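Some notes on the structure that comes next.
The values are calculated or read from the model by the stated rules, or taken from the named source; none is laboratory data. This one's a predicted model, so the numbers in the text were calculated from it and none came from an experiment. For neighbour counting, all protein chains shown are included, and Cβ atoms are generated from backbone atoms with ideal geometry for every residue, glycine included. These accessible areas exclude ligands, DNA and RNA; they are computed on the full protein's heavy atoms, side chains included. Shrake-Rupley method; radii C 1.70, N 1.55, O 1.52, S 1.80 Å.
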Amino acid sequence: MSCDSLSWKQHGADRPAIRKPSRPLDFGEGFYTTFSREQACRWSSKVFERRNDGSPILNIYEYDRFEAAEKLKIRTFEKPDAEWLRFVISNRTSDFFHDFDIVEGPVANDTMYSVLIGFENGIFSLDEAISRLKPESLTDQVLFHTPASLGYLKFTGFEEVSP
């Protein structure tokens with residue numbers, strides 16, 4: 001069984017690559033995708049606005065999770081919980097490196113940034129930070145972290161998104 005995975009990457013869409021981010025990201029460096037069309041459109045529009053070049057493009061991929069799970073090391077966070085929060089904070093604040101090929105889980109979006117900072121600075125306890133995150137309507141993200149993981153993505157097409 002395969003699922004469509006949508007990504008905002010504009011260039012080299014048929015050959016996704018692991019790229020070092022310009023800022024710390026939730027799950028570390030790699031190629032980020034989402035199963036949420038709405039989230040992918042938002043990402044595409046943000047990149048377009050930042051670059052002010054070209055037009056926002058939505059690239060579409062197939063990803064067979066079951067086949068990947070047989071051969072790769074995958075970490076799935078079902079919800080924003082203590083493990084997820086520690087993992088995101090580690091990726092965003094240190095030279096932390098994980099050995100997962102693929103990481104799936106909720107997006108720590110901009111509306112939650114103050115909670116992450118509050119937790120990191122000791123303003124919120126772990127339990128309080130998690131309780132503040134739970135009401136958020138979080139979409140998913142899937143990070144392809146290693147070259148081996150990219151072999152499980154199949155480019156199927158693209159479409160232009162309105163900014």
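Listed by first and then second residue, the pairs with beta-carbon distance under 6 Å, at least 6 apart or on different chains, first residue in region 140-155 and part of a strand (DSSP E or B), second open to solvent by 50 Å² or more (accessible area, probe 1.4 Å), are D140/F35; K154/E62; F155/D14. For region 25-41, the set of residues classified as surrounded by fewer than 18 Cβ atoms within 10 Å (Cβ to Cβ) and part of a helix (DSSP H, G or I) consists of R37, E38, listed by residue number. Selection over region 42-56 of residues that are open to solvent by 40 Å² or more (accessible area, probe 1.4 Å) and of a type in the set (G, A, S) gives a count of 1. Against the list (1) surrounded by 13 or more Cβ atoms within 10 Å (Cβ to Cβ); (2) touching a helix residue (DSSP H, G or I) at 6+ places or on another chain (Cβ under 9 Å); (3) without any contact (Cβ under 8 Å) to a residue 12 or more places away in the chain, the condition I123 fails is (1).
Filtered by the rule that a residue be of a type in the set (K, R) and either in a helix (DSSP H, G or I) or under 16 Å from P147 (Cα atoms) (or both), region 76-103 gives R86, R92. Specify the residue that is least open to solvent (accessible area, probe 1.4 Å); the eligible residues are those in region 57-84 that are basic (K, R) and closer than 26 Å to S131 by Cα. Within region 57-84, the match that is least open to solvent (accessible area, probe 1.4 Å) is R75. Mind checking whether some residue in region 107-118 is open to solvent by 80 Å² or more (accessible area, probe 1.4 Å) and either of a type in the set (A, V, I, L, M, F, W, C) or modelled with pLDDT of 90 or more (or both)? No, the conditions are met nowhere in region 107-118.
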